[in-house]
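The values are calculated or read from the model by the stated rules, or taken from the named source; none is laboratory data. Predicted model only: the values in this text are computed from it and were never measured. Positions of Cβ are generated from backbone atoms using ideal geometry, with glycine treated the same way; all protein chains shown enter the neighbour counts. Please note that ligands, DNA and RNA were not included when accessible areas were found on the heavy atoms of the full protein model with its side chains. Shrake-Rupley method; radii C 1.70, N 1.55, O 1.52, S 1.80 Å.
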Amino acid sequence: MTEVDMPTADGSSEARATLHRVFGYDAFRGEQEAIIDHVVAGGDAVVLMPTGGGKSLCYQIPALVRPGTGIVVSPLIALMQDQVDALRALGVRAGFVNSSQDFDERRVVEAEFLAGELDLLYLAPERLRLDSTLDLLSRGKISVFAIDEAHCVSQWGHDFRPDYLALSLLGERWPDVPRIALTATATRATHQEITQRLDMPTARHFEASFDRPNIQYRIVPKADPKKQLLSFLREEHPGDAGIVYCLSRNSVDKTAEFLSGNGIEAVPYHAGLDAGTRARHQARFLREEGLVVVATIAFGMGIDKPDVRFVAHLDLPKSVEGYYQETGRAGRDGLPSTAWMAYGLNDVIQQRKLIQSGEGDEAFRRRAQAHLDAMLALCETAQCRRGQLLNYFGQEPGEAGCGNCDTCLTPPETWDGTVAAQKVLSTVVRLQRERGQKFGAVQIVDILLGKRTGKVIQFDHDQLSVFGIGQELSEAEWRGVVRQLLAQGLLAVEGDYGTLVLTEASGSVLRREREVPLRKEPKRPTSAKAGSSSGRGERKAKTAVPELPESLLPAFEALRAWRAEQAREQGVPAYVIFHDATLREIVTAWPTSVAQLGGISGVGEKKLVTYGEGVIGVLAGLGGTPDDGEAGGGKAAAQGDPAADDWPEMDAEPEPDDWI
Ligand code: ADP
Ligand code: ZN
């Protein structure tokens, strides 16, 4: 049999050997092996894999196994240096060419490429399409083209880069070089668009599961968002790195200031800051261990910091896709992480208004509306959030209830909100029919509560028959009712002032033809860790990764301190030295020789040579293996307090009378 007859078998074993030797990993994950075998054998591939799924290996290993240099097209110039540093730390010959370099630096890299001395070369698409670059590439040998963040080719997404469209020429110009396009954007439509626009009709498609079991999803009612965020961070993520997303630049600045003023190191990031400040803040986030970045969605794409422990949303994302991408930046290392969001009535009103007053034709608006509706459904669901997310992306949730989202851990109570809904809707009807007026949520709630505010008196609204008919609920609860009616499409927002109007579906509620189940609003929104408080129906969080036994924490911390020192000396992020996950494995296995250390996942050949003695030295300095008496210890559960008493009394519902 000739070599040509069995390229896959050879490629496959070489790929596994490379995985082990260079990256120090024992086994491929999920679809990695199939993808790598396919590309090593010369096939094109379109890969959909969630953030943290392990996309990088899918092109890095083919680039190492096939002869020539792998060309990686990436839109993220600011991150190329770190990506290349991380590869060099593994002993991979990597380089980049971009506008941050001067002429001489570029020349050096180009010469390395031409001499066949590079395994991987990173380029931005706008550089790749230049004639001079294409000319350079045709004078060297290319093993594979990897198109990272391939969803940037989609004109409908907010990451659209026109230069990506030019990448379709790669196939024409280098028909024999395999191409692999990768993205974490989950929708089928984007997938098809990538295939079409990059002109990859014969590509094999790979779609990984989009479940991120180590991320705990939680959505809490918004009351005082900054304070809620602060206690979430203090109680659950002290000293952790994370991202806080806000909608506007103004709220980014204010939130960053607020956190800093309260002893949490935080920096802002948005498009209104100059490029230098943005680059500095991003670099600090990557290099420091516990920095919080407060940002608009301008921040985050391609950030491959593995130890982002939380992503918090203070405003509602515009779509489930956006929510999934942003929250996906947490926990790439597979360790427990939190996706936390505070969400309230104003979010719904604001987003609905944005869509109505925004640019775009009717079709665009309808699409935006549908995206928002799906996001609202996720916020208001009483079912497992993970299940709903996976369903949204057309994937089967594994089992009933994931055990690691707020609705699984603290099943929300629902109540029959039909009467409350009728009260809200008939107040809207009265105002319109009797007075020809439309008002926003604040006035409607004031009327229901019977509050004689200036505006109520000014418009004689205390004369309406619905005035004061809603004293059984608090203001926060009424806002919750209005929010849920908006989310369910039983009420709509109109115009620049966010006035409330009926929808086609409202009539059936007023005519008592349908019931309106609602989620109960906690009276006092709590940020206490889901599952850690004692209370009705709560379960303990089933995280994918157990906490490190307490007896091993000192060693873990000692290794982290050693790692920080190494990172400082070399001017690279700490995770370039070793990931937290690797340090955990090291303290758990407690190797006593460099050879033993080599058997640990995440310790490849080069790192063993560079850091082996150092790691063994740190462990030896701590004495022998700790007496591991209380494995599985971990943090004691916090004493939360959302007891049943905190739920509003909903039993004593007055009968509807003349206001119906
Ligand atoms: P993505 O680009 O898909 O977001 P990465 O390629 O950055 O994900 O991989 C995420 C993390 O998983 C990284 O820390 C990487 O080192 C690790 N990883 C990837 N593949 C494996 C594997 N086969 N075994 C162990 N760890 C892996
Ligand atoms: Zn769940």
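A few comments on the model shown:
- Backbone geometry of the range 555-560 corresponds, through the Karplus equation with coefficients 6.51, -1.76 and 1.60 at θ = phi - 60°, to 3J(HN,Hα) couplings of 5, 4, 5, 5, 5, 5 Hz, x marking Gly and Pro.
- In degrees, nearest ten, helix 275-287 long axis to first principal axis of the chain (Cα): 80 degrees
- Calculated FRET efficiency for the pair LEU354/SER260, C-beta based, R₀ 30 Å, to 0.05: 0.55
- Sorted into 10 angstrom bins from 0, the C-alpha pair distances of the range 116-265 split as 8, 28, 22, 21, 16, 5, 0 percent.
- Calculated FRET value between SER100 and VAL501, using beta carbons and R₀ = 51 Å, to 0.05: 0.45
- Convex hull volume per residue, computed on the Cα atoms of the chain, equals 179 Å³.
- Between the amide H of ALA181 and those of ALA45, VAL46, VAL47, ILE147, distances stay under 5 Å, these residues lying 5 or more places away or on another chain, with hydrogens modeled in the peptide plane.
- Taking all Cα pairs closer than 8 Å and separated by 6 or more residues, the relative contact order of the range 420-526 comes to 29 percent.
- Close amide H partners of ILE142, meaning residues 5 or more places away or on another chain with modelled amide H under 5 Å apart, are THR69.
- If R0 equals 45 Å, the separation of the Cβ atoms of VAL594 and ARG234 corresponds to a calculated FRET efficiency of about 0.65.
- Extension gain from ASP373 to ALA558, taking 0.36 nm per residue of separation minus the Cα-Cα distance: 61.8 nm
- Residue-normalised convex hull volume from the C-alpha trace of the range 415-521: 97 Å³ per residue.
- HIS205 versus GLU288: modelled label distance in nm, points set 7 Å from Cα along the beta carbon direction: 4.4 nm
- Taken along its principal axes, the alpha carbon cloud of the range 1-149 reaches lengths of 46, 36, 27 Å, longest axis first.
- Which of THR588, THR327, THR202, THR503 is most accessible, then next, and so on - probe 1.4 Å: THR202, THR588, THR503, THR327
- ³J(HN,Hα), Karplus 6.51/-1.76/1.60, whole Hz, each residue of the range 132-141, x for Gly, Pro: 4, 5, 4, 5, 4, 4, 6, 8, x, 10
- A probe of 1.4 angstrom, applied to the heavy atoms of all protein chains, finds ILE444 with accessible area near 0 square angstrom.
- Taken along the Cα-to-beta-carbon direction at a fixed 7 Å, the label points for ALA17 and VAL609 span 1.7 nm.
- Extent along the principal axes, Cα only, for the range 260-406: 41, 40, 28 Å, with the longest axis given first.
- Using alpha carbons only: equivalent-ellipsoid semi-axes of the range 390-457, gyration tensor based, whole Å: 40, 15, 12
- Shown for the range 3-207: the carbon plus sulfur share of the solvent-accessible area, taken with all protein chains present and a 1.4 angstrom probe, equals 48%.
- Against the criterion of solvent-accessible heavy-atom surface with a 1.4 angstrom probe, GLU413, GLU326 sort, most first, into GLU413, GLU326.
- Taking θ as phi - 60° and the Karplus parameters 6.51, -1.76 and 1.60, the scalar couplings of the range 62-75 work out to x, 5, 7, 7, 7, x, x, 9, x, 9, 9, 8, 9, x Hz in sequence order, x denoting glycine and proline.
- Each helix, a run of at least 4 DSSP H residues, gives -39500 (n - 2.57); summed and divided by the residues of the chain, these come to -12500 deg cm²/dmol at 222 nm.
- Per-residue SASA remark: TRP562, around 40 Å² accessible (1.4 Å probe; ligands, DNA and RNA not included).
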